[in-house]
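Read the structure below first, then the notes.
The values are calculated or read from the model by the stated rules, or taken from the named source; none is laboratory data. Nothing here was measured: the structure is a model prediction, and the numbers come from that model. No Cβ is skipped: glycine too gets one built from the backbone with ideal geometry, and neighbour counts run over all protein chains shown.
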């Protein structure tokens, strides 16, 4: 489920831009499951999803990446950020994590050092 408040604040026109957020929650069910039955219980207020959407998180992340790239952000999927590069009190880039180390710490043939990206 997605509650869209953060998306509304970050990208107010996300609907017009085609965000993959299109399936509104229609109903909540809170059930107590036993071996033979499902007993419906009142839905607690904190678990009500009125106004929320059912989404694919992968599709939303891909869409958000496209929005960021349109603003000039470089996306490096599959590379963990290991450290931030700070200049004049602002984030200027990231240092990616290294790849290809064995559990004992030695470099395997596939080793790649981290990369500084600004």
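Assorted remarks:
- Hits in the range 66-83 (condition: loosely packed, with under 12 Cβ neighbours inside 10 Å, modelled with pLDDT of 85 or more and under 12 Å from residue 117 (Cα atoms)): 73
- In summary, no strands (runs of 3 or more DSSP E) completely within the range 24-118 bear 2 or more residues that are out of contact with any strand residue (DSSP E or B) (no Cβ under 8 Å at 6 or more places or on another chain) and not assigned by TED's automatic domain parsing to the domain that holds residue 8.
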